[in-house]
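Participant: I'd like to ask some things about the structure below.
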Amino acid sequence: MADPNLRDFYGRIYRIQKAHSRGGGFEAEGALGRSYFVAPPARSLAFGRLLRPLLYLAIVITLVKAFIFAQIGPATYASRVAALQKGDSIDRVGAFIMIVDPATAYLAGKIEGLRF
């Protein structure tokens, strides 16, 4: 025969674990326990996991292009991009990425102004 006290004990343990999994707990009066805090709303997964790293990558690429453009000058930079355009498919992709856009030209102008 099963012990009824043991069944009551395990039933109570089950109810306590169920309450804890729902966020409940046994808190002292006036204390800020688990039930006080509310989880922040979830962010959009598309922006947080995919678009933000791509945005950072675009910013870093633009800054690197601007530093190179400011360092070697527009004529040398244009000749190197033209040489990349004549290469194989990987070189053409690199040339497409390295084409001077308005943001790169603007940042390169600002970087050249910082020289001492």
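Quick note: the coordinates plus some simple rules give every number you see, no bench work behind them. Quick caveat, the model's predicted, so the values are computed rather than measured. Here the Cβ positions follow ideal geometry from the backbone for every residue, glycine too, while neighbour counts run over all protein chains shown.
Participant: Can you work out which of the residues in region 93-116 that are without any contact (Cβ under 8 Å) to a residue 24 or more places away in the chain and outside any helix (DSSP H, G or I) is surrounded by the fewest Cβ atoms within 10 Å (Cβ to Cβ)?
Facilitator: PHE116
Participant: Then there is this: If I go through region 61-92 residue by residue, how many of them are in contact with a helix residue (DSSP H, G or I) (Cβ under 9 Å, 6 or more places away or on another chain) and part of a helix (DSSP H, G or I)? Before the answer, list the steps.
Facilitator: First pass over region 61-92, keeping only residues in contact with a helix residue (DSSP H, G or I) (Cβ under 9 Å, 6 or more places away or on another chain): 61-63, 65-72, 74, 77, 80-87, 91-92.
Still in the running and part of a helix (DSSP H, G or I): 61-63, 65-72, 74, 77, 80-85, 91-92.
Total meeting the criteria: 21.
Participant: Find all pairs meeting these conditions: Cβ atoms under 6 angstrom apart; at least six residues apart or on different chains; first residue within region 65-80 and farther than 15 Å from GLY94 by Cα; second residue acidic (Asp, Glu) and surrounded by 12 or more Cβ atoms within 10 Å (Cβ to Cβ).
Facilitator: Final answer for the pair search is ALA70/GLU112.
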